[in-house]
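Accompanying notes for the structure given below.
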Amino acid sequence: MPALMKTDYVGRITWLGVVRDRDAKLASQREDALRVSFAGPALESHSGLTRPSCGRVMDQYERGTEIRNTRQLAIVSAEELAEIAAEMGIESLDPALVGATMVVEGIPDFTHIPPSSRLQASTGATLTVDMENRPCVLPGPGIEARHPGKGKLFKPAAKDRRGVTAWVEREGVLKVGDEVRLHIPGQRAWMPDGMA
């Protein structure tokens, strides 16, 4: 019996980008297609088979410890970006400003798809979801430059809408307009007593 279940949820890639120099700025540069290898998207500063640990895993590792890179891509939902923009009081939010690698349209409640889900493109390229990408203040300055007075509103507006991080399970090419099918783990949700 398969460990991953193919669902009827099929999304469409509406935007692709890469962050070429994360130290210079978080904003992504728009691309029509991305070649993804086991190390992640080409020319992406978040690529690599490993990465230094950060504050997100400080309960597990001392900052800077070399760990497996499960944050090669930042994937957001077109619908959730629109919700964030509405809450911030702006017409739209450019995915480049939040450092997105990919925007997917058509998969509901995208930020909460189960960890270890797969997004499989029609080309066969497959991404494994690590977990929810929690909002942070890093996009604020870029948003503020484009939408004065709004940069500080991103983090609270993006709560439960920031998308997911992912890594490449099968190499290939992703293109704007490609379909991606959601495959989810075939296991029940883990909820110990007292954690509901």
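The values are calculated or read from the model by the stated rules, or taken from the named source; none is laboratory data. Since the model is a prediction, treat every value here as computed from it, not as a measurement. Positions of Cβ are generated from backbone atoms using ideal geometry, with glycine treated the same way; all protein chains shown enter the neighbour counts. With ligands, DNA and RNA removed, areas are computed over all heavy atoms of the protein, side chains included. Shrake-Rupley method; radii C 1.70, N 1.55, O 1.52, S 1.80 Å.
Of the candidates Pro192, Pro135, the single residue that is in contact with a helix residue (DSSP H, G or I) (Cβ under 8 Å, 6 or more places away or on another chain), at pLDDT below 95 and either in a loop (DSSP other than H, G, I, E, B) or farther than 26 Å from Val57 by Cβ (or both) is Pro135. Could you check segment 55-78 and list, in sequence order, the residues that are open to solvent by less than 30 Å² (accessible area, probe 1.4 Å) and in a loop (DSSP other than H, G, I, E, B)? Correct list: Asn69, Gln72. Scanning segment 1-17 for residues that are basic (Lys, Arg) and within 21 Å of Lys175 (Cβ to Cβ) gives a single hit, Arg12. Scanning segment 30-54 for residues that are more than 20 Å from Gly172 (Cα to Cα) and either outside any loop (DSSP other than H, G, I, E, B) or hydroxyl-bearing (Ser, Thr, Tyr) (or both) yields Arg51, Pro52, Ser53.
Which one of these is at pLDDT below 95, within 18 Å of Leu4 (Cβ to Cβ) and over 18 Å from the mean Cα position of the chain (by Cα): Gly186, Gly124?
On the way: Gly124 fails: at pLDDT below 95.
Result of the check over Gly186, Gly124: Gly186.
So which of Ser47, Ser77, Ser53, Ser37 ends up being of a type in the set (Ser, Thr, Tyr), touching a Phe, Trp or Tyr at 6+ places or on another chain (Cβ under 7 Å) and farther than 21 Å from Phe154 by Cβ? Matching residue, one of Ser47, Ser77, Ser53, Ser37: Ser53. Screening Ile107, Ile184, Ile143, Ile84 for residues that are β-branched (Val, Ile, Thr) and assigned to a loop (DSSP other than H, G, I, E, B) leaves exactly one candidate, Ile107.
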